[in-house]
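Written below as structure tokens is the structure these notes are about.
The values are calculated or read from the model by the stated rules, or taken from the named source; none is laboratory data. As the structure is a computational prediction, the values presented were derived from the model and not from experiment. When we count neighbours, we look across all protein chains shown, and the Cβ atoms used for this are built from the backbone with ideal geometry, even at glycine. Heavy atoms of the whole protein, side chains included, go into the accessibility calculation; ligands, DNA and RNA do not. Shrake-Rupley method; radii C 1.70, N 1.55, O 1.52, S 1.80 Å.
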Amino acid sequence: MALDGIFLRHIKHEIEKEAMGARVNQVYQPNRDELILVLRGSAGAKKLLLSARANSPRVNFCAETPENPAQPPMFCMLLRKRLGGGRLTAVRQLDCDRVLFLDFACVNELGDTVTLTVACEIMGMYSNIIVLNRDTGVIVDALKRVDLTVSSKRLILPNLKYELPESQDKCSLLTSSPGEIAAKIKGFPAEMSLSKAVLQAVQGISPIISREIEHRVMDGATNRPEGVLEERLLSVLEEVKALCRDVSGVPYTVFREDGKPMDVAFFEIRQYGGLARVEKGESFNAAIDRFYDERDRQERMRVKTHSLNKLLTNLRDRVARKLQKQHAELAQCADREQLRIRGDLLQANLYRVPRGADSVEVENFYDPNGGTLTIRLNPAVSPAANAQKFYKDYQKAKNAEKFLTEQIAKGEEELSYLDSVLDEVSRAETERELAQIREELTEQGYLRKPRGRQPKQSALPPLEFTSSDGFKIYVGRNNRQNDRLTLKTAAKTDVWLHTKDIHGSHVIIAAEGREVSETAILEAARLAAYHSKARQSTNVPVDYTLVKYVSKPAGAKPGMVIYVKNKTVYV
């Protein structure tokens, strides 16, 4: 879906209606591609989101504010300095182009009133947010600076003159008549589909609108006479022109069969028939915000978790390779008894071994069948030294087996821990959850402690649910919270649940003096399965027992516990 110019025109109208004259109270930059201006006016505070994301560029009022970084970026600091306290005086759009200009009356360092313009260019991967001086047209700064290494046609750098994006040879619905637009459409090759011709001829419409125009013109026919088609085309274009001119459209959202939003439009969409659900909205800002909210949240978290996932994956692979080598070395130690036997047999037959011999065949008194054994020797040393060498190699293999067994146990515990953290990262939904995972990894020595004083963040509470019969159910978000929930918060008579041999969250059913019902256990087990690595699986085994039967071994990694007297339920 592309936010088209006509939809943007309706958003512009709503911004003018609800925020004109409002002052910039706060400026946030949640990530490198988004800005939020908190505008406070007579109608209260409004959060205006300016996004230059390649896959979701837009300008709209948003309901929720994305989490902000602890240290604001430089561009955000610049806007706070220049735009802070500024009053929104105008919202401008050239025809139906996808560039929106927000004019703010601001006070500079000398106390003079100046007009700063925030230009929001909504152009897919070339989207940008540019701050410029309205009077001089000079760029103050931009969210994405464009120099000669990026483009030689249009530079976007501080102190350069702002130039509009290159215009396309399309007809504007505000200045062109339906007849002129229809004539331009007829000028395209006959084999080109009507929807594609409309898309290339008309400014400010998205692919779904061009397909809808074709659907309404053709009305299911494939061989309608050309005169009739032209008449219907003029009628549909007149309808769209009126919606654009009068800003009288109505927001519609198209949903897939699975309930996910697929597209938005400024008039009713009929082309999908019964294959999609079309829902009428209350405002254009709310419609576009709802459409992008979930997808953007997932994209933000994907970007923020990328480095953490990469670190954990590299650590996990390193531990796995080390374990593989240790298992191979341990397998070599399995034959150490043969070294001791050779030493004993050689020691018992020293008198029979001439100096300088490279091998000797002796009776094997360890063999119940009374066979012989050929022992290879180092001719450079004495037979006694050869015997001592076998004993040394035996003792070395024995010590190595003990050491490797301990190291393999530690390595497997570490591997399990890293897998559990990877699972936590995959289920994290907020930046605060990621911050707590980073703190945990820093405490365990996997991450360096950041320099300087870091802002202290309050610990997140566990997720809280209520069973259908009234029992409180708590779900840990990460390993540290799992430990705190199970070992400190929960009462001894509460019920503890965890997926069997699968990484996941600790789940607690608060008994509060009552006998926990089977219904509560079943519903809590479903929560345990959902908040685990087996989220997408079916028939997941979940162990449950009383909290008093759960304990943490000394020195165990965060989130690692042992439990007894448990039962298993499959959900």
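For D501, D103, D147, give me the order by solvent-accessible area with a 1.4 Å probe, most accessible first, ignoring ligands, DNA and RNA. Please list the in-between numbers first.
Numbers: D501 145, D103 0, D147 60 Å².
Sorted descending by solvent-accessible area, the residues read D501, D147, D103.
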(request) Rank these residues by their accessible area, most exposed first, probe 1.4 Å: E109, E166. (result) E166, E109
(request) Pop a pseudo-label 7 angstrom from the Cα along the beta-carbon direction at both R321 and D219 and give the gap in nm to one decimal. (result) 6.9 nm
(request) Compute the FRET efficiency between S152 and M77 as 1/(1 + (r/R0)^6), taking r as their Cβ-Cβ distance and R0 = 22 Å, and round to the nearest 0.05. (result) 0.15
(request) Report the dimensions of region 452-571 along its three principal axes from the alpha-carbon atoms, largest first, rounded to Å. (result) 51, 30, 28
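Rounded to the nearest 0.05, what FRET efficiency is calculated for N314 and K449 with R0 set to 22 Å and r the Cβ-Cβ distance?
Values: r = 19 Å, r/R0 = 0.88.
According to the calculation, E is roughly 0.70.
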(request) Keeping all protein chains in position, work out how much accessible area F75 exposes to a 1.4 Å probe, and write it in Å² to the nearest 10. (result) 20 Å²
(message) What aspartates and glutamates does K552 reach when the alpha-carbon gap must be under 20 Å and sequence neighbours fewer than 8 apart in one chain are set aside?
(response) E406, E412, E413, E414, D419, E424, E440, E443, D483, D494, D501, D543
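Could you pull out the pairs from K325/K398; K170/K241; K472/K565; K488/K533; K17/K161; K533/K557 whose alpha carbons sit more than 21 Å apart here?
From the list (K325/K398; K170/K241; K472/K565; K488/K533; K17/K161; K533/K557), the Cα-Cα distance tops 21 Å for K472/K565; K488/K533; K17/K161.
Calculated from DSSP H runs of 4 or more alone, at -39500 (n - 2.57) each and per residue, what is the 222 nm mean residue ellipticity of the chain, nearest 500? Present the calculation step by step, with values, prior to reporting the outcome.
Working: 12 runs with 214 residues, N = 571.
Computed mean residue ellipticity for the chain: -12500 deg cm²/dmol.
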(message) Just to be sure I understand the model, the point goes 7 Å from the Cα along the line to the Cβ. What's the resulting N68 to K410 distance in nm?
(response) 4.5 nm
(message) Taking every pair of distinct Cα atoms and averaging 1/r, then inverting, what Kirkwood hydrodynamic radius in Å comes out for region 83-132?
(response) 11.7 Å
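About the Cα centre, and with charges only on the beta carbon of Lys, Arg (+1) and Asp, Glu (-1), how big is the dipole of the chain? Nearest 20 debye, please. Numbers along the way, then the final one.
Values: 85 positive and 76 negative charges, 418 e Å.
With Lys and Arg at +1 and Asp and Glu at -1, about 2000 debye.
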(message) From zero outward in steps of 10 Å, how is the percent of C-alpha pairs of the chain spread across the bins?
(response) 3, 13, 16, 16, 15, 13, 9, 5, 4, 4, 2, 0
(message) Starting from the 7 Å offset along Cα-to-Cβ, what nm value, one decimal, do you get for the label separation of Q200 and N159?
(response) 4.4 nm
(message) As a test question: what accessible area, to the nearest 10 Å², does R134 have when a 1.4 Å probe is rolled over all protein chains in place?
(response) 110 Å²
(request) Sort S206, S426, S151, S42 from largest to smallest accessible area, using a 1.4 Å probe on the heavy atoms of the protein chains. (result) S42, S426, S151, S206
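In debye, nearest 20: dipole of region 417-544 around its Cα centre with unit charges on the Cβ of K, R (+) and D, E (-)? The partial results should precede the final answer.
Working: 19 positive and 19 negative charges, 148 e Å.
Roughly 720 debye for region 417-544.
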(message) Could you work out how much longer the chain between K488 and Y391 gets when fully extended? Use 0.36 nm per residue separation minus the Cα distance between them, nm to one decimal.
(response) 29.7 nm
(request) Give the accessible area for R438 in Å² (nearest 10); use a 1.4 Å probe, count only protein heavy atoms, and leave out ligands, DNA and RNA. (result) 90 Å²
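Mind giving me the FRET efficiency for K472 and S42? R0 is 45 Å, r the Cβ-Cβ distance, nearest 0.05 is fine. Spell out each step's value before the answer.
Details: r = 43 Å, r/R0 = 0.96.
In this case the efficiency is close to 0.55.
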